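Everything on this sheet refers to the single structure shown next.
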Amino acid sequence: MRRFKLNIIIKNAYWMISIAAITVINFSCKKFVQVGPPDTQVAAETVFENDNTATTAVISVYAQMGISYLDIASGGMTVYPALSADELATTTSNTELLSFQNNAVIADNGMGIYTHLWKSAYQNIYYANAVLEGVTHSKTITENTRNQLTGEMLVVRAINYFWLSNLFGDIPLELSTNYRVNSVMPRAPVVEVYKQLTTDLLDAEGLLKENYPSALKERANKWAAAALLARVYLYKQEWANAEAQASMIINSTAYSLEPDLNNVFSQSSGETIWQLGNDISNTTEAQVFVPYSSYDVPDYVLTSFLIAAFERGDQRFNKWVGLNTIDSTNYYYPYKYKDNNYDPVTELYIVLRLSEQYLIRAEARAEQDKVAEAIEDLNVIRSRAGLAGTIATSKSDVLMAIAHERQVELFCEWGHRWCDLKRTGKADEILGGEKAPNWQANDAVYPLPAVELVNNPFLIQNPGY
């Protein structure tokens with residue numbers, strides 16, 4: 001049964017707190033045994049006794065998400081789906097990484113499936129639920145703070161469920177910290193998960209303000225909720241709603257595309273809508289993707305299929321792709337994040353950015369037969385990359401052009417390619433060709449971790465595993 005430690009690593013100046021419950025809970029088969037919090041923790045009543053302590057609990061959730069090596073919000077949602085799709089290959093002999101690359105993931109995969117993806121996402125969700133319950137029940141925090149913190153945690157919960165549903169398909173939809181309920185919860189259909197995402201994000205959008213409650217856009221605001229909701233609507237094929245949400249953000253003038261591609265993933269990027277970070281280290285992606293010298297073979301390289309997708313003159317290839325040439329062999333690697341030093345911290349994880357909103361709106365418009373307007377949005381992204389406008393004119397050609405633009409704009413970034421291939425029904429066609437003979441249709445979802453099936457008898461494994 002799923003149990004999470006209630007201690008969270010806080011940024012340098014913050015406390016060690018328990019945000020999840022008044023006590024540390026130790027489960028036995030017959031009953032719950034409550035144990036008093038250790039001296040290094042603060043009881044839940046204290047955590048939510050005023051605006052400052054409640055806000056610290058929320059900050060701790062963000063810190064936890066961005067701190068662990070290759071967990072879902074710290075590189076895992078990029079690395080593993082990119083290997084499973086047609087973007088990345090590993091040059092190492094690591095059998096776990098090769099299982100993702102060869103679409104041969106097993107339920108007992110160990111760190112990848114269970115620790116880095118499933119467990120870390122549900123841990124984030126658990127913490128978000130704990131804060132939601134804490135601020136809801138608190139009688140001492142102000143209404144403005146209650147609204148702000150509730151909205152933020154709804155966004156955090158939503159994005160973790162978005163990732164989980166796109167990796168595993170049907171999943172348990174845990175909306176509280178009630179262990180008795182969660183430990184025997186069956187899988188909810190993806191459509192039900194997306195319904196909850198929509199509800200949560202609409203609520204968050206109404207609760208949050210346009211201004212950020214923190215420096216460097218590290219905490220969600222109204223536009224972060226709207227940006228994720230635009231993506232959810234796109235995946236649900238609610239084209240008009242997706243267009244409307246993306247238009248709100250684009251027309252807000254709160255964000256602008258960075259003319260210099262080298263600045264897109266900087267801390268102060270003008271197109272960042274939401275980013276995660278911590279005071280401890282730079283991004284995991286820079287650390288695992290960028291070699292430490294020009295003589296090193298990168299652990300991860302871009303596939304020839306992805307390299308061939310870039311048009312001649314595309315500045316994204318020049319600025320976002322690194323190259324080491326060793327013994328006359330070229331090794332291309334992702335170079336969006338460039339600082340692979342542990343510290344000082346110079347880069348943060350950009351979760352949502354403006355360019356995706358242009359591509360969401362372009363696709364939503366094309367699907368509504370607003371082809372000319374879709375072309376305008378598409379060409380905004382192409383122009384920034386140093387490319388001429390698209391030659392596509394028909395609806396079908398424009399949709400293909402948008403799919404291609406998403407491939408080269410959002411490559412090796414939060415699993416976009418993996419999710420796009422599946423939601424558009426292209427996974428079997430493209431991966432079946434590129435990754436033959438390894439690819440099978442059931443590979444489009446990962447297996448549920450074996451340990452979860454043992455702990456929860458109401459979970460049913462995905463077909464083929």
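The values are calculated or read from the model by the stated rules, or taken from the named source; none is laboratory data. Only a predicted model underlies this, so the values are computations on that prediction, with no experimental measurement involved. Note that we place each Cβ from the backbone using ideal geometry, even for glycine, and neighbour counts take in every protein chain shown. All accessible areas refer to the heavy atoms of the entire protein, side chains included, with ligands and DNA or RNA removed. Shrake-Rupley method; radii C 1.70, N 1.55, O 1.52, S 1.80 Å.
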Checklist line | Condition met for ALA366 (assigned to a helix (DSSP H, G or I), surrounded by 20 or more Cβ atoms within 10 Å (Cβ to Cβ) and over 24 Å from the mean Cα position of the chain (by Cα)) | finding: yes
Item checked: Flag if ASP343 is surrounded by fewer than 20 Cβ atoms within 10 Å (Cβ to Cβ), touching a residue at least 12 places away in the same chain (Cβ under 8 Å), of a type outside the set (Gly, Ala, Ser) and more than 29 Å from LYS222 (Cα to Cα) -> yes
Item checked: The one condition in (1) closer than 25 Å to SER355 by Cβ; (2) touching a residue at least 12 places away in the same chain (Cβ under 8 Å); (3) surrounded by fewer than 18 Cβ atoms within 10 Å (Cβ to Cβ) that GLY425 fails to fulfil -> (2)
Margin query: Please determine whether any residue of the range 372-379 is closer than 17 Å to ARG312 by Cβ, touching a Phe, Trp or Tyr at 6+ places or on another chain (Cβ under 8 Å) and either in a helix (DSSP H, G or I) or open to solvent by 50 Å² or more (accessible area, probe 1.4 Å) (or both).
Written below: no
Checklist line | Residues of the range 300-326 satisfying the condition of being in a loop (DSSP other than H, G, I, E, B) and farther than 20 Å from TRP418 by Cα | finding: GLU311, ARG312, GLY313, ASP314
Notebook entry, point to check: Inside the range 150-240, counting only helices (runs of 4 or more DSSP H) that do not spill past its ends, which hold 2 or more residues that are under 28 Å from GLU363 (Cα atoms) and open to solvent by less than 20 Å² (accessible area, probe 1.4 Å)?
Noted result: 190-207, 222-235
Note to self: Take the residues in the range 172-215 that are of a type in the set (A, V, I, L, M) and without any contact (Cβ under 8 Å) to a residue 24 or more places away in the chain; name whichever of them is nearest to THR424 (Cα to Cα).
What the structure shows: VAL191
Check: Any residue in the range 247-267 that is buried (at least 21 other Cβ atoms within 10 Å of the Cβ), of a type in the set (A, V, I, L, M, F, W, C) and out of contact with any helix residue (DSSP H, G or I) (no Cβ under 7 Å at 6 or more places or on another chain)?
Finding: yes
Margin query: Any residue at all in the range 372-387 that's within 26 Å of ASP71 (Cα to Cα) and of a type outside the set (Gly, Ala, Ser)?
Written below: no
Margin query: So in the range 431-454, with the set limited to residues that are open to solvent by 40 Å² or more (accessible area, probe 1.4 Å) and in a helix (DSSP H, G or I), which one is farthest from GLN407 (Cα to Cα)?
Written below: VAL454
Checklist line | Conditions (1) in contact with an Asp or Glu (Cβ under 7 Å, 6 or more places away or on another chain); (2) modelled with pLDDT of 95 or more; number of the one not met by VAL345 | finding: (2)
Check: Does LEU431 qualify as being under 27 Å from the mean Cα position of the chain (by Cα) and over 26 Å from ALA104 (Cβ atoms)?
Finding: no
